[in-house]
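K.L.:
Could you have a look at this structure, given as structure tokens, before my questions?
The values are calculated or read from the model by the stated rules, or taken from the named source; none is laboratory data. The model shown is predicted, which means the values in this text are computed figures rather than measured ones. With ideal geometry, Cβ positions are generated from the backbone for all residues, glycine too; neighbour counts draw on all protein chains shown. Quick note on the areas: whole protein, heavy atoms, side chains included, nothing else; ligands and nucleic acids left out. Shrake-Rupley method; radii C 1.70, N 1.55, O 1.52, S 1.80 Å.
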Amino acid sequence: MLNLIFYAFAALTLGGSLAVLITRNVMYSAFFLLLSLIGVAALFVLASADLLAVAQVMIYVGGVLVLVIFGVMLTHKPKPETTTGPQAARPNYILTQHRAWLWPLLVAAGLFTAFYSLISRIHFSLFEHRAPFQTSVDTIGKQLMTEYIIPFEIAGILLLAALVGATYLSSQGDRTNNQ
Amino acid sequence: MQAITPGLYLVVAAALFSIGLAIVLVKRHAIVVLMGVELMLNAVNLNLVAFSQYDPVRLQGQMMTLFVMVVAAAEAAIALAIVLQVYRHFRTVQLDEISELKQ
């Protein structure tokens, strides 16, 4: 039963990311990325990382993906032939161009083959027993306040710097362009 | 209740990483390339979490995943601000059309 759920969510993750690869519409790929990230959150739950699954849904699905969709819409200028005529009924028709498929797919398939042969060949003695399910919220809270206190503080400073930097970067062009 | 075999996590993460790499290599739209980078980061996180369930006392893998998520959020915000500036300057975000330092 648990294996069935695992396979379902793994298929959701991989299917979503494959659809991002295949589709040409940028908006569709943003929504397929949503599916893939939710699948990863579910896989986190099955690996007894419940806090990280909630953080994944809140940070990626609630934050990064909304930011990505804003980015897609702000960097798109509708062409004149799409605002009138039959194309006007499809306002979200934002296309990406592709490079040649051959070499990227060869590189990716070769990388996966190498990884897969490596994973099927190695033998972790760790994996012989199964880890029991347990909540990780208490331990993460303790670790953040003891062993990882310095990275925790540095992450706060990094987020502040990113906030200020993103605001500065996205506002600067307006003033210089409008002069 | 028994957990999943962690070897399966490694295979899924390897597939996710390869697909993310293919997206980065194939697509020309800057934001779709960023999506590929996010998928690759998620694949690495999946590996870290899969190994971390055997370390319930210190949970080093999950702590690492938490910090990777923080850095990925900061990276996404900064990268999208830069993409916005590139669009204002060049009026396009298709990466192959942006080939000049100055216009």
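K.L.:
Counting protein heavy atoms only and a 1.4 angstrom probe, how many square angstrom of accessible surface do chains A and B bury in total, to the nearest 100?
P.N.:
7400 Å²
K.L.:
Sort out for me the Cα centre separation of the range B:61-101 from the range A:41-76, rounded to whole Å.
P.N.:
16 Å
K.L.:
Could you please report the charge total around B:Gln62, scoring K, R as +1 and D, E as -1 over all other residues with beta-carbon less than 15 angstrom from its beta-carbon?
P.N.:
Net of charged neighbours comes to -2.
K.L.:
I need the peptides A:150-162, A:14-26, A:58-70 ranked by packing, meaning the mean over residues of other C-beta atoms within 10 angstrom, with the highest value on top.
P.N.:
A:14-26, A:58-70, A:150-162
K.L.:
Taking a temperature of 10 °C and a viscosity of 1.306 mPa s, what whole-number D in µm²/s does Stokes-Einstein yield for chain B with Rh from Kirkwood over alpha carbon pairs?
P.N.:
102 µm²/s
K.L.:
Further, regarding this structure: Mind checking the angle between helix A:26-46 and chain A's longest principal axis? C-alpha axes, 0 to 90 degrees, to the nearest 10.
P.N.:
Compared with the principal axis, the helix lies near 10 degrees.
K.L.:
Report, as an integer, the average count of C-beta atoms from other chains found within 10 Å of each Cβ along A:107-119.
P.N.:
Averaged over the peptide's residues, the number is 4.
K.L.:
Cβ neighbours within 10 Å, averaged per peptide: list B:47-54, A:133-140 in order, most packed at the top.
P.N.:
B:47-54, A:133-140
K.L.:
Angle check, please: helix A:149-178 long axis (alpha carbons) against the longest principal axis of chain A (alpha carbons), in degrees 0 to 90, nearest 10.
P.N.:
Once rounded, one gets 10 degrees.
K.L.:
Tally Lys/Arg at +1 and Asp/Glu at -1 over every other residue whose Cβ is under 15 Å from the Cβ of A:Pro151; what's the total?
P.N.:
Residues near A:Pro151 contribute 0 overall.
K.L.:
How big is the C-alpha Rg of chain A next to the rule-of-thumb value 2.2 N^0.38 Å, as a ratio?
P.N.:
The reported ratio for this selection is 1.38.
K.L.:
Here is a follow-up. For chain A, what does the relative contact order come out to in percent, with C-alpha contacts under 8 Å and a separation of six or more?
P.N.:
In percent, rounded to a whole number, it is 20.
K.L.:
How well do other chains shield peptide A:13-25, expressed as the mean number of their Cβ atoms within 10 Å of each residue Cβ?
P.N.:
If you average over the peptide's residues, the count of other-chain Cβ atoms is 5.
K.L.:
Moving on. Peptide A:96-105: average number of partner chain Cβ atoms within 10 Å per residue?
P.N.:
5
K.L.:
What angle do you read, to the nearest 10 degrees and between 0 and 90, between the alpha-carbon axis of helix A:102-121 and the longest principal axis of chain A?
P.N.:
10 degrees
K.L.:
Counting only protein heavy atoms, what percent of the accessible surface of chain A is carbon or sulfur at a 1.4 Å probe?
P.N.:
72 percent
K.L.:
Share of chain B's accessible area from carbon and sulfur, percent, 1.4 Å?
P.N.:
Ligands and nucleic acids excluded, carbon and sulfur reach 68 percent.
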